[in-house]
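The values are calculated or read from the model by the stated rules, or taken from the named source; none is laboratory data. Values in this document were obtained by computation on a predicted structure and should not be read as measured data. Using ideal geometry, Cβ is built from the backbone for each residue, glycine included, and neighbour counts are taken over all protein chains shown. Surface accessibility is based on the protein's heavy atoms, side chains included, excluding ligands, DNA and RNA. Shrake-Rupley method; radii C 1.70, N 1.55, O 1.52, S 1.80 Å.
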Amino acid sequence: MTELIRTNDIVLIGFARSLLEKAGVPLFVADEHMSALEGSIGAFGRRLLVPDDHARQARRILTDAGLSAELRDDR
């Protein structure tokens, strides 16, 4: 899996998720339910992950939507 975005911003994660789902890119949002453990203070970032073989397509989609500054370094 490739981590594309790590953020505390649930709106950003939701927007990115909707773009990728609309394009048919499989994804997983890790740490999505950590707020229940942390008391909803937003201390733990959520991570948007895609399979390695979909990373290039996902990066292009998110970059085209203006989210290039939010993307993690390509490793």
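Based on alpha carbons, the Rg and Dmax found for the chain are 12.0, 35 Å.
Solvent-accessible surface of the chain, taken per residue with a 1.4 Å probe and all protein chains present: 63 Å².
Can you give me the % of accessible surface on the chain that is carbon or sulfur? Probe 1.4 Å, all protein chains present, nothing else counted. Intermediate results must be reported in sequence, preceding the final value.
Details: 2380 of 4750 Å².
Taking all protein chains in place, the chain shows 50 percent carbon and sulfur surface.
Would you compute, from DSSP H runs of 4+ residues alone, the mean residue ellipticity of the chain at 222 nm, taking -39500 (n - 2.57) per run and dividing by the full residue count, rounded to the nearest 500?
Numbers: 3 runs with 27 residues, N = 75.
Calculated from helices alone, the mean residue ellipticity at 222 nm is -10000 deg cm²/dmol.
Each Lys and Arg contributes +1 and each Asp and Glu -1, all at the Cβ; summed about the Cα centre of the chain, the dipole is approximately 140 debye. Using the Karplus relation 6.51 cos²θ - 1.76 cosθ + 1.60 with θ = phi - 60°, the per-residue 3J(HN,Hα) values for region 12-26 come to 4, 4, x, 5, 4, 4, 5, 4, 5, 4, 4, 7, x, 7, x Hz, with x marking Gly and Pro. With respect to the chain, whose longest principal axis is taken over its alpha-carbon atoms, helix 55-64 is tilted by about 80°.
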